[in-house]
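Worksheet for the structure shown next.
The values are calculated or read from the model by the stated rules, or taken from the named source; none is laboratory data. What you see is a predicted model, and the numbers here were worked out from it, not measured in a lab. When we count neighbours, we look across all protein chains shown, and the Cβ atoms used for this are built from the backbone with ideal geometry, even at glycine. We work out accessible area using only protein heavy atoms, side chains counted, and drop any ligands, DNA or RNA first. Shrake-Rupley method; radii C 1.70, N 1.55, O 1.52, S 1.80 Å.
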Amino acid sequence: MSTVNYDDYLGSTFDPESGFFDANEAREQTKNSKDKFNILLSGATGVGKSSLVNAFFGEKIVEAGVGKPITQNLQKIEVKDKGLVLWDTKGIEAKDYEKTINKLGNDLEIAFNQVENIMDVPHIAWLCIDSSGARIESREMDLIQILSNHSIPIVVVFTKDMGEDSNEFINFSINEINSNYSSVIDNRFVRVNSVERRFTANFSLPTSGLDELLDTSLTCMKEGQERAISALKKAQCIRSQMKLDAMISGATKKVHIASAASATAGASPIPGSDAPIIAAIQSKLIYELNSEFELSLETSTATTLITGILGVTAIAQVGKTIVANLIKLIPVGGSFAGGTISATTALAITEAIGHAYILVLKHYFDKELGRVVLPENTTDILNMFKLIFKKS
């Protein structure tokens, strides 16, 4: 295991002089360090971009608009809990098409020049085309050109797919796009109906194409974008098992890093007890694991869980404030209080806490809903954690 300095891990969340752990700062650090997936969404007004995003990611990320654009020019919508950054472009109105398309090109140029980290650049773009249209517009071609200028992999998404009724338009559009941009698109065409359409009491058109859109989006990601790929897998709501596996993988990495930080705390000649530092590391770890599983970091449940979980482990600080001046950790056995903890012991306990808590969160993951659903009574959660922890 690689070495992680506990000072670097805790940063400004912990004051070694007072033993104060700043829970608010830990929450902010956790949100800001979460893996991100950047997606650029483009297409004409009314094409169904908002419905597509909401169906794919499972939340009302963009407010659905009727009859007019809901964004002005280019807008970035950051959903930190999901690690998702949506670059939302203005709908291309026919009446001011040239002005809008030029403004969009300029907005993208400025936005890309202002990006400080390569992780903040859009990883892919969805170009949405209404499959009920009469013909493909020149604006779609111009959008492809603008996006290709920035080397963004493009997936052409035919929205509102009506099955055979859409075949003629979609086939014609694919031929038109391929005649100009076959190497750019590389056959990344997906047909999607993101909202179930009910025509009569007995007949409806179900959602379709979202699985294919997920697969296509993943395959066009570039080499070296593993963190973005992981973020996409965790943010999507199309395949629950893929989402859960990605969450567990990300959480496991967080456990290894926190455990390595605990080991350096245990190995350092710290005056007095090093238990407060290790307790702070474990507190931050629990916030990080909650974040990996898209649990809210703001609720009192998070604070209660930290209190209970760390109370099980016999690493606690007598008379010191650990979480937001509210949590006082009481040592179970007392064997570590007032003394130093070996690097091996610190690492082992932190690993055990992390892996046990991952199993708890996995248990409460509802595959039908695609998210963790914790019981209202935190005692049930803690009892399960204690049972798993004692077996580790």
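Scanning segment 349-389 for residues that are touching a residue at least 12 places away in the same chain (Cβ under 8 Å), open to solvent by 30 Å² or more (accessible area, probe 1.4 Å) and over 19 Å from Phe293 (Cβ atoms) returns a single hit, Lys386.
Name the helices (runs of 4 or more DSSP H) wholly within segment 122-226 that hold at least 1 residues that are in contact (Cβ under 8 Å) with a residue 60 or more places away in the chain and closer than 18 Å to Val53 by Cβ? Reasoning before the result, please.
Details: elements: 138-149, 164-185, 210-219.
Here the list reads 138-149, 210-219.
Residue pairs whose Cβ atoms lie under 7 Å apart, separated by 6 or more positions or on different chains, with the first residue in segment 242-260 and open to solvent by 10 Å² or more (accessible area, probe 1.4 Å) and the second of a type in the set (A, V, I, L, M, F, W, C) and in a helix (DSSP H, G or I), are Ile248/Ile358; Thr252/Ile358; Lys254/Leu285; Lys254/Leu289. Inside segment 338-390, residues that are among the β-branched types (Val, Ile, Thr), modelled with pLDDT of 90 or more and touching a helix residue (DSSP H, G or I) at 6+ places or on another chain (Cβ under 7 Å) make up a count of 7.
Can we say Ile229 is closer than 30 Å to Ala279 by Cα and open to solvent by 30 Å² or more (accessible area, probe 1.4 Å)?
On the way: closer than 30 Å to Ala279 by Cα: no; open to solvent by 30 Å² or more (accessible area, probe 1.4 Å): yes.
For Ile229, the condition - closer than 30 Å to Ala279 by Cα and open to solvent by 30 Å² or more (accessible area, probe 1.4 Å) - is not met.
Apart from one condition, Leu295 fits all of (1) part of a helix (DSSP H, G or I); (2) surrounded by 17 or more Cβ atoms within 10 Å (Cβ to Cβ); (3) at pLDDT 85 or above; (4) of a type outside the set (Asp, Glu); the exception is (1).
Residues considered: Leu108, Leu143, Leu127, Leu147. Of these, the only one that is of a type in the set (A, V, I, L, M), within 20 Å of Ile185 (Cα to Cα) and at pLDDT below 80 is Leu108. Would you say Asn38 is closer than 22 Å to Lys243 by Cβ and either surrounded by fewer than 22 Cβ atoms within 10 Å (Cβ to Cβ) or touching a residue at least 40 places away in the same chain (Cβ under 8 Å) (or both)? Answer is yes for this residue. Please verify whether Arg239 is in contact (Cβ under 8 Å) with a residue 12 or more places away in the chain and touching a Lys or Arg at 6+ places or on another chain (Cβ under 9 Å), treating the condition exactly as stated. The answer is yes for Arg239.
Listed here are the residues, each with its yes/no results for (1) modelled with pLDDT of 85 or more; (2) among the polar types (S, T, N, Q); (3) open to solvent by 60 Å² or more (accessible area, probe 1.4 Å).
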position: Met1; (1), (2), (3): no, no, yes
position: Tyr9; (1), (2), (3): yes, no, no
position: Gln29; (1), (2), (3): yes, yes, no
position: Thr45; (1), (2), (3): no, yes, no
position: Ser51; (1), (2), (3): yes, yes, no
position: Asn54; (1), (2), (3): yes, yes, no
position: Lys95; (1), (2), (3): no, no, yes
